[in-house]
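The values are calculated or read from the model by the stated rules, or taken from the named source; none is laboratory data. For clarity, every value in this text was computed on a predicted model and none was experimentally measured. Using ideal geometry, Cβ is built from the backbone for each residue, glycine included, and neighbour counts are taken over all protein chains shown. Note: accessible area is taken over every heavy atom of the protein model, side chains too, but ligands, DNA and RNA are not part of it. Shrake-Rupley method; radii C 1.70, N 1.55, O 1.52, S 1.80 Å.
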Amino acid sequence: QDILQDNVSVEWFQNVGVMFCEISEVNCDLSKNDFSLVMKELSRIFAKFDSIMEQNNCIRIKTAGNVYLAASGIFEQDSHFALSLAKAAQECRKYIEESNVNSKIKFQIRIGINSGNVAGALIGNKRFSYDLFGDDVDIAQQLKSGAAFGQIVISWSIYKQVAGSFICNKQESLNIDGYGKVESY
């Protein structure tokens, strides 16, 4: 039986971190026979990312193809949510670099992290999916898109919380659709 859309329950979260991570294979000359290997590798990578998130008090929200969405400070209050997510992002990048040494398939990673206020909801009426919504989610996604592969790009709101713990370099502000220029590091 279908569940009516009127039953959607929205949760509001303040002061949380949102991370988008995109993984792409470098060796694009793979044959169709290698596709199952790519999927196995991606599954292995996402399983490791889940472990990294858990160890850093973060949580995977969902995956969509080769994109991994995670958050911190969302279901449990965490005054250090930005540090937790930045540390997790660095560990994810390091894992990809180390995996590439012995893997037939080489992967690239790029990450965007932002913080702010988001809404979360279980959406759909037959195949449910939990997702995050809001301007701060959109900005994190676009920061990821503006990152070069191998790079973690963070917003100013994350930077001000992690600057004493991580070496961050200011980069040219990113022009983000709908939001204008966003200061990034």
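Okay, here's what the table says:
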| quantity | calculated |
| --- | --- |
| Cα shape, region 146-185, gyration tensor, a/c 1.5 rule | oblate |
| Net charge dipole size for the chain [Lys, Arg +1 and Asp, Glu -1 on Cβ; Debye, nearest 20] | 520 |
| Separation in nanometres of the label points that stand 7 Å from Cα toward Cβ, at Glu98 and Ala148 | 2.5 |
| Whole-percent carbon and sulfur share, accessible surface of region 42-185, 1.4 Å | 47 |
| Label selected from (i) 14.5, 39; (ii) 17.0, 53; (iii) 22.8, 77, the criterion being Rg and Dmax of the Cα atoms in Å as computed here | (ii) |
| 31 Å Cα-Cα threshold exceeded, pairs from Lys106/Lys170; Lys106/Lys160; Lys40/Lys160; Lys40/Lys87; Lys106/Lys181; Lys62/Lys94 | Lys106/Lys160; Lys40/Lys160; Lys106/Lys181 |
| Surface accessible to a 1.4 Å probe, per residue, for the residues of the chain, Å² | 56 |
| Residues of region 50-68 with amide N under 19 Å of the 7 Å Cα→Cβ point at Ser79 | 57-58 |
| Zone residues, region 103-129, relative to Lys62, backbone N less than 20 Å from point 7 Å out along Cα-to-Cβ | 111-129 |
| Contour excess over end-to-end distance, with Cα ends at Ser51 and Asn125 and 0.36 nm allotted per residue | 23.7 nm |
| Among Gly150, Gly112, Gly65, residue whose mean-square fluctuation peaks in a GNM of the chain (springs only between Cα atoms under 10 Å) | Gly65 |
